[in-house]
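FYI, it's all coordinate maths here, none of it is from the lab. Nothing here was measured: the structure is a model prediction, and the numbers come from that model. Virtual Cβ from ideal backbone geometry, glycine too; neighbours counted across all protein chains shown.
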Amino acid sequence: MSAEHPGGGGFGTVFHPEPDPVPSGNGGPVRIGQLRPLPRRRRPAMVALGVALVGAGVLGGAALYQHVNHQVPVLVVSTAVPAGSVITSADLSTVTVAAGPGVQLIPARQEGQVVGLVAASNLEPGALLAASDLTRSLPPGPGQMLVPVAFKPSQLPASGLAAGDHVVVVWAPSGSSSSSAASAPTGRSYDAVVEDVSPGPDQDGFDVVDLLVSSANGPGLAREAASGDVVLTVASRKP
């Protein structure tokens, strides 16, 4: 197709057709020469910031987990401490445990308050220290008497005795103990708590058990124990 130049000079013109539209992905036409924008590159600084935030979240979660489980340093017994012994700093160390509600342990920061107190019972290495394990003075306390009683090994439980065990001492005179029989009624008993036990028989072959009894029963138990006609029974064990 051609047309005459308006000036009549005989020069022709050329027809330049429009390009056909190219369909886009969303159904609308996209003309040739129009390019889609390229996706933006991730900046290294932003990636590093994201990693740091993730790390901070992990650490924060660990701290929260530790707090929820009450991870606290507490006092633990490092050496054997016999009942009635004064506690020193060498007897203690610390360990971190998860202390749940109702667990009565002694925080490590209170070590200075524990040193100088007295062990209320035999403390074994590795045991977590509790307030019930301590006392401020050596026994006997007010209203108590400490009575040592000698027993033949065959008169004691095969499983042994430990400080804190509750026992009952029964006076059981033999036929030859006429003098003892006249001093107290047969079958009299004494409730007592074991304070300590000798590590082995003495030179006479007896095991000595220190018993805490009420002040009212102390003299009677001492008198009847001297006759040798007493029997020990275990009422309950210390937990």
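Rank-order 143-149, 206-212 by packing density, defined as the average count of other C-beta atoms within 10 Å over each peptide's residues, highest first.
Details: 143-149: 17.1, 206-212: 20.0.
Highest-to-lowest ranking by the protection proxy: 206-212, 143-149.
So if we plug the beta-carbon distance of SER132 and VAL231 into 1/(1 + (r/R0)^6) with R0 = 22 Å, what FRET efficiency do we get, rounded to 0.05?
On the way: r = 30 Å, r/R0 = 1.35.
With a Förster radius of 22 Å, E is 0.15.
Can you give me the orientation-averaged projected area of the convex hull built on the Cα atoms of the range 72-135, in nm²?
Average projection, Cα convex hull of the range 72-135: 3.7 nm².
Please list, in chain and number order, the residues 5+ apart from ARG188 or on another chain whose amide H is under 5 Å from its amide H, with Hs placed from the backbone.
Residues meeting the criterion, in which the H sits 1.01 Å from N, are TRP171.
For LEU92, which sequence-distant residues (separation of 5 or more, or a different chain) have an amide H within less than 5 Å of its own amide H, given hydrogens modelled in the peptide plane?
SER78
So what are the ³J(HN,Hα) numbers for the range 126-140, from phi and the Karplus equation (6.51, -1.76, 1.60; θ = phi - 60°), rounded to whole Hz, Gly and Pro as x?
x, 7, 6, 7, 10, 4, 5, 7, 10, 9, 8, 9, 6, x, x
So what's the net charge close to LEU75: Lys and Arg +1, Asp and Glu -1, counting the other residues with Cβ under 15 Å from its Cβ?
-3
Can you list residues from other chains, or at least 5 along the same chain, whose modelled amide H is less than 5 Å from the amide H of LEU123?
Sorted by chain and number, the residues that satisfy this are VAL81, ALA83.
So, counting K/R as plus one and D/E as minus one, what does the shell of residues with Cβ under 14 Å around LEU129 add up to?
-3
In sequence order, what are the phi-derived ³J(HN,Hα) couplings for the range 157-162 according to the Karplus relation 6.51 cos²θ - 1.76 cosθ + 1.60 with θ = phi - 60°, rounded to whole Hz, with x for glycine and proline?
For the range 157-162, the Karplus curve yields x, 5, 7, x, 10, 9 Hz.
Residue by residue through the range 214-224, what is 3J(HN,Hα) from phi via Karplus (6.51 cos²θ - 1.76 cosθ + 1.60, θ = phi - 60°)? Round to whole Hz and write x for glycine and proline.
With coefficients 6.51, -1.76 and 1.60, one gets 5, 4, 5, 9, x, x, x, 5, 4, 5, 6 Hz.
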